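Visitor: Submitted below is the structure of interest, expressed as structure tokens.
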């Protein structure tokens, strides 16, 4: 198997290039292994790089960067091609589903190279693939602001989503949604809707604590419209994943759902935003050939 590292030098803390000599050093010590390092140069480049490889090439494509880099690689991934995630961005939320406790990125790198292959689910939203999370409403607004603040101000990456969340909570903009799934139609005004494959987003927020990337189900999280004081009361619970059972937050599981909003709404797929009024989601069960550390709780 050939190891291909798609490295985003601009991700998160902008230090992904520090991993380059680590990769070179590892393979110098393992000359029997074949590898390649390709650096991305612009938005969407990782997708173009990933499209070059097919199952016949017997490769593993390592997305070295943040959730956005992994999103791009996934959207260029041809059927049957292996993929791995080396988390070195701002949020790194998907990797929390691979390993509950995050090690130093240098250790993650080696453990993944020497890891195992598992099958995992991924989502498709209006033909865009995503690994982890798709959300709309205040969630997507927070993510867009967090990305803006992170680029403009020297806010620690561990705090940027919290700062963005507090700012957006002060001016919430609920939408009215019609949701169709499992033969049912649900109509309601909601502050946010999240269609989750994984459990986390926003740098550690935990909206879907029951999520499992191998269970063949989306976890749908819907938060009712509510007053600002109540939002601030619930926000810490939403961050920690202790909001299960709270009346204003509802949970559903399905493998396909269509959402229609009253007006075009900003929604994100693994942090990449787009504005639309109708979104059709479907889950590709076990569709991802994912390489992870041997210590990962994900089953082969």
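Visitor: Quick check: anything in region 235-252 surrounded by 15 or more Cβ atoms within 10 Å (Cβ to Cβ), in a strand (DSSP E or B) and in contact (Cβ under 8 Å) with a residue 40 or more places away in the chain?
Guide: yes
Visitor: In this structure, does residue 225 turn out to be over 17 Å from residue 134 (Cα atoms), modelled with pLDDT under 95 and over 17 Å from the mean Cα position of the chain (by Cα)?
Guide: yes
Visitor: Exactly one of (1) part of a helix (DSSP H, G or I); (2) under 24 Å from residue 144 (Cβ atoms); (3) at pLDDT 95 or above is unmet by residue 27. Its number?
Guide: Result: residue 27 fails condition (2) only.
Visitor: Something else now. With respect to residue 115, determine if the residue is more than 24 Å from residue 17 (Cβ to Cβ) and either out of contact with any helix residue (DSSP H, G or I) (no Cβ under 7 Å at 6 or more places or on another chain) or at pLDDT below 95 (or both).
Guide: When the stated conditions are applied, residue 115 does not pass them.
Visitor: Identify all residues within region 253-273 that are free of Cβ contacts under 8 Å to residues at least 60 places away in the same chain and farther than 24 Å from residue 214 by Cβ; write none if there are none.
Guide: Within region 253-273, just 264 meets the criteria.
Visitor: Let me ask you something else. Can you tell me which condition residue 60 does not meet? The list is (1) in contact (Cβ under 8 Å) with a residue 60 or more places away in the chain; (2) in a strand (DSSP E or B); (3) more than 15 Å from residue 293 (Cβ to Cβ), and all the others hold.
Guide: Going through (1) in contact (Cβ under 8 Å) with a residue 60 or more places away in the chain; (2) in a strand (DSSP E or B); (3) more than 15 Å from residue 293 (Cβ to Cβ) one by one, residue 60 breaks only (3).
Visitor: Additional query: Would you mind stating whether residue 298 is assigned to a loop (DSSP other than H, G, I, E, B), in contact (Cβ under 8 Å) with a residue 40 or more places away in the chain and either in the same structural domain as residue 211 (by TED's automatic domain parsing) or surrounded by 15 or more Cβ atoms within 10 Å (Cβ to Cβ) (or both)?
Guide: yes
Visitor: Of everything in region 198-208 that's touching a strand residue (DSSP E or B) at 6+ places or on another chain (Cβ under 9 Å) and within 19 Å of residue 245 (Cβ to Cβ), which residue is surrounded by the fewest Cβ atoms within 10 Å (Cβ to Cβ)?
Guide: Step one: of region 198-208, the residues touching a strand residue (DSSP E or B) at 6+ places or on another chain (Cβ under 9 Å) are 198-202, 207-208.
This time we only want the ones that are within 19 Å of residue 245 (Cβ to Cβ), so: 199, 207-208.
Numbers: 199: 22, 207: 25, 208: 25.
That would be 199.
The values are calculated or read from the model by the stated rules, or taken from the named source; none is laboratory data. Remember, it's a predicted structure, so these values are computed and weren't measured experimentally. Using ideal geometry, Cβ is built from the backbone for each residue, glycine included, and neighbour counts are taken over all protein chains shown.
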